[in-house]
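What follows is one structure encoded as structure tokens, with my remarks underneath.
The values are calculated or read from the model by the stated rules, or taken from the named source; none is laboratory data. Note that this is a predicted model, so its numbers are computed, not measured. A quick note on method: Cβ atoms are made from the backbone with ideal geometry, for glycine too, and the neighbour counts reach across all protein chains shown. When the accessible area is computed, the model is the full protein with side chains, heavy atoms only, and any ligands, DNA or RNA have been set aside. Shrake-Rupley method; radii C 1.70, N 1.55, O 1.52, S 1.80 Å.
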Amino acid sequence: MLLEIAGLKAGYGGVTVLHALDLEIGAAETVGLFGPNGHGKTTLLKTVSGLVAARGGTIRFDGVDITNRKPGHIVELGLVHVPQGNLLFPDCTVAEALSLGAWPRRARPREAANRARIETLFPRLAERRRQKIHGLSGGERQMLAIGVALMAEPRLLILDEPTLGLAPKVRGELAAAITELAGGGLPMLVVEQDLRFLGAVCPRLALIDRGQVVLEAPSATIDEAAIMSRYFGDAA
Amino acid sequence: MSGDALVTIAVSALVLGSLYAVMALGLAVVWSSLGIFNFAHGLFMTLGAYVAWQVAAGAGWGLWPGIVAAVAAAMAVGAVACELLVRPFLGRKDVVLVAVITTLAGATLIENGVLLAWGGRPKQLPPLATGTVNLFGAALSAHEAVIVAITPLILLAVWLFLGRTRLGAALRAVAQNHEAALLMGLPAARLYALAFALAAGLAAIAGIFLGAIRFMSPAMGGDPLLKAMVVVIFGGVARFAGPVVAAYLIGLIEAVSTYAIGLYWTPSVLFLFMIGTLMLRPQGLFGGARR
Amino acid sequence: MTRRGVVIGLAALGLLAALPFVFPVPYLRHIFILAFIYAVVASNWDLSLGYGGIFNFAHVAFFSIGVYGYGILTKLAGWSPWAALAAGGVLATLAAVLVAIPVLRLSGIYIILVTFAFAQLVLQLVVSQSGLTGGMMGMVGLPTFQIPGYNLARDGKLGYYFGALALLVVSTAFLRAFVGSRLGLAIRALRDDPDYAAARGISVARQRILTLAASAFFTGVAGAYYAAYLRIASPDAFGVSLLSLLLSILLLGGLASIYGPVVAALVLTFLSEASVDLGPWRHIAIAVVIIVVVRIWPGGLWSALRRLSS
């Protein structure tokens, strides 16, 4: 197993968000996470990457216990998290952000190759190399956020709602890129509201409800309409 | 006003501006990366001057080893000060106020530590260069000429470090988005300590500048800190050029004011300039801090 | 105030009133006089800093303005000490209004810097105008209070002891009343949620000026009293060591509690006076105490005690 989460508990202040959550991701697997807002998807990702303290349970990455380790340590191991709506560093340039992405020691040797690969994947980033990040569009910023994560040579990439709030055309571009990455054998854990997109990228889906994984199944077998009406109301 | 007077004012403005630029840049680096104001900054200057004096005059090993030791000692103390006085409180809602209190306490600690170690008797550092230089008819000491000449090089070096190296970019990145920086594996705590160390090293250099012009005392950092404070308010900290341009501008205002209305009223003039700037442009002349 | 609070307050007052007779030691009274004065200064600072949330670092300057106002008016202008005592408060209040003007449009760290700079400016003016203020040497031999037929310094400073105690009582009553008034509520609302308060029609500018002015009056009076008691006015009144002492009183006492700083002033003045012989070590000790307290009890000792007792 690449990622093993067992009995994970976490929360903020007096509020518990994750109640003994279990989830496993296999060696070359891409898993999609979905579920209603406020039920712990983002908290789960933040706990895995070390931003939120775990109050119980364990997280193992490639056999190593990473529960409550520092984010820097976790990134160094190759578990890289792209947070939701990442604004990155408004006053830095695109090139600077990419070079900072290669901060982990194990990513340094392949920095130039990775940069070339990312600029092929997202040609727009190559065009904007010298621009400051605050001048980028939302879609470009999301591409850069993924590119920065790829510079770290991830062995597991976590994406939190990568297409949130983007125009359909840009969404399409990003979805294509993410599918390409998954096809290239990079294991991923993706959170998305758009089940169709998620099902297309991830062979297996997990449903999070009230801080627990309540359903795990191959995406082909998940009855989209039933889940949508159950968890998102009939309007969805 | 005669030509001689103009040259005298210009020279004085350049010397003051250099001193303030080196001081203010350190304050601005800490302010922009941690969002706090470091009241112990003046004491890094004091400490640098005294360590340089100890090595250069006390032990008699010469000025250059003294400078190296002073910068190194100040950087180490700066990093420790960050760890003890500031980092435990980052993320607290009242961090701005708490940091004022803890850095003031840190200043008291260092000032009295210096007093215990070296006593209160005034000391003076050997100058960076001896003799005088004649500039457009005004004689200035070679020491001051060196200050005026090497300050731009120091500023350039810091600018290159912040703008052209990965470490410099990391320092700016962690200032702009702490969480994103953590998720990229940037060591935020060490970068904050680095910001403090860089600032303290610059302050130590300012201390070596000043220690050969005026007499050194444990309280010698107070006045330059105040001027540097006026400079960062005046210029803002959003851009590198802000405090640098403001430093030379404040140096000029001070030189003109000292010549025209005397030393005693100059602080009031600077204060009025600062208030005036804040009333018109609350974030400084060149834009403000993002935090 | 609760009934229990009234009882404790009166008991404490009775204790302090009886103390000089139980322990007729002039030195002890001297320390208490200083402690009462510092308690007034610290608890009034609490009004602007703790209740108002205004990061005002010019408070020490209000105190010094009281000190020098008293010195200059009595010695050079020939005012009666009692008139100069009141004038100290009025001058400090005027200074507070002056400081308030630039502070109105600013927030957070900028307020700290501007008020700090203002205090330094006042200090430099005092030092530079040596014709009026004696410069670095300060003013000595200031006239002191006279009541016909009685010298306040007699009977082991008994008069000064009760004068300072009365000042503390009046100032504390004023602060309590101010904080409990409609104005006090508005000030706290403004501190906790400026946008909401502004939306409800509370004027930021007006509240800030009033808060600063109110916090300055008794601070200035305390400064004048201090000058009359010690008969000197020196630049030390601006010093970082007084600032540190007051800050540690506030921190130990806890912000927005008024009684906290009063109690802390009594404790810390004793510690501070007891350690006068330690020289630089005394300042180092105070600095370490400040850092440790901020680290361990973010709300001050007062709130830690309250939490324990509840």
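Residues whose amide H comes within less than 5 Å of that of B:L135, counting only those at least five positions distant or on another chain, are B:L140 (H built at 1.01 Å from N in the peptide plane). Size descriptors for the stretch C:68-117: radius of gyration and Dmax over Cα atoms are 14.6, 42 Å.
Using a probe radius of 1.4 angstrom, the carbon and sulfur fraction of the accessible surface of the stretch A:74-158 is 51%.
Shielding by partners for peptide C:124-133, expressed as the average number of C-beta atoms from other protein chains within 10 Å of each residue's C-beta, is 3. Bridgeable aspartates and glutamates around A:K46 (alpha carbons under 12 Å apart, same-chain partners fewer than 8 residues away excluded): A:D160, B:E179.
Annotation for the stretch A:65-99 versus the stretch B:180-206: alpha-carbon center distance of 18 Å. Along the axis of the charge dipole computed for chain C (Cβ charges of +1 for Lys and Arg, -1 for Asp and Glu, origin at the Cα centre), the listed residues C:S171, C:A224, C:A95 are led at the positive end by C:S171. The phi torsions of the stretch C:28-45, fed into the Karplus equation with coefficients 6.51, -1.76 and 1.60 and a -60° offset, translate into couplings of 4, 5, 4, 5, 5, 4, 4, 4, 4, 5, 5, 4, 4, 5, 5, 5, 6, 5 Hz, rounded to whole numbers, with Gly and Pro shown as x. Each peptide in A:96-104, C:165-173 receives the mean, over its residues, of other Cβ atoms within 10 Å, and ordering these scores from highest gives A:96-104, C:165-173. Restricting to chain A, compute how many DSSP beta bridges are antiparallel as a %, nearest 5. Rounded to the nearest five, the antiparallel share is 60 percent. Mean sequence separation of contacting Cα pairs (under 8 Å, at least six apart), scaled by the length of the stretch B:136-291, corresponds to a relative contact order of 18 percent.
For chain B, the relative contact order comes to 35 percent (Cα pairs under 8 Å, sequence separation of at least 6). For A:V31, the amide hydrogen comes within under 5 Å of the amide hydrogens of A:M188, A:L189, A:V190, counting only partners 5 or more places away or on other chains and with H modelled in the peptide plane. Placing one equal scatterer on every Cα of the stretch C:26-238 and applying the Debye formula, the log10 ratio I(q)/I(0) at q = 0.10, 0.11, 0.19 Å⁻¹ is -0.44, -0.53, -1.30.
When chain B is treated as a Gaussian network with alpha carbon springs shorter than 10 Å, the biggest mean-square fluctuation among B:Y259, B:Y192, B:Y20 belongs to B:Y259. Helix content alone sets the calculated 222 nm mean residue ellipticity of chain B: runs of n ≥ 4 DSSP H residues at -39500 (n - 2.57) each, divided across all residues, give -23500 deg cm²/dmol. Distant-in-sequence amide contacts of C:F57, defined by a placed amide H-H separation under 5 Å and a gap of 5 or more residues or a different chain, comprise C:T115, C:F116. Three principal axis extents of the protein assembly as shown based on alpha-carbon atoms, in descending order, are 103, 80, 50 Å. Summed over both chains, the area buried between C and B is near 3700 Å², taken from the accessible surface of protein heavy atoms with a 1.4 Å probe.
Taking all Cα pairs closer than 8 Å and separated by 6 or more residues, the relative contact order of chain A comes to 26 percent. Here's the picture: charge each Lys and Arg Cβ at +1 and each Asp and Glu Cβ at -1 in the stretch A:78-230, and of A:L186, A:L157, A:A107 the one pushed furthest to the positive end of that dipole is A:A107. In this structure, the pairs whose alpha-carbon distance is over 25 Å, taken from C:K75/C:K157; A:K41/A:K70; A:K132/B:K227, are A:K132/B:K227.
Over chain A, dividing the summed -39,500 (n - 2.57) contributions of all DSSP H runs of at least 4 residues by the number of residues returns a 222 nm mean residue ellipticity of -10500 deg cm²/dmol.
Of interest is the spacing of the C-alpha centroids, which for the stretch B:73-109 and the stretch B:228-273 amounts to 26 Å. When restricted to Cα atoms, the stretch B:11-63 yields an Rg and a Dmax of 14.2, 41 Å, respectively. Both radii were evaluated on the Cα set of the stretch C:183-310; the Rg over Rh quotient, with Rh as the Kirkwood radius, amounts to 1.04. Here the Karplus curve 6.51 cos²θ - 1.76 cosθ + 1.60, taken at θ = phi - 60°, turns the phi angles of the stretch C:289-299 into couplings of 4, 4, 4, 5, 5, 4, 6, 8, 10, x, x Hz, with x standing for Gly and Pro. Solvent-accessible surface (1.4 Å probe) assigned to A:K132 amounts to roughly 90 Å². Bridgeable aspartates and glutamates around B:K123 (alpha carbons under 19 Å apart, same-chain partners fewer than 8 residues away excluded): B:E111, B:E144, B:D223.
Each of C:L19 and C:A166 was given a label point 7 Å from its Cα along the Cα-to-Cβ line. The distance between the two points is 1.8 nm.
Go ahead and estimate [θ] at 222 nm for chain C from helices alone: -39,500 (n - 2.57) per DSSP H run with n ≥ 4, summed, over the residue count, rounded to 500. Walk me through the intermediate numbers first.
Details: 14 runs with 233 residues, N = 310.
Result for chain C: -25000 deg cm²/dmol, rounded to the nearest 500.
How far, in degrees from 0 to 90, does helix B:166-176 lean away from the longest principal axis of the Cα atoms of chain B, to the nearest 10? Approximately 70 degrees, to the nearest 10. Principal semi-axes of the equivalent ellipsoid, √(5λ) from the alpha carbon gyration tensor of the stretch A:1-147, are 30, 18, 14 Å from largest down.
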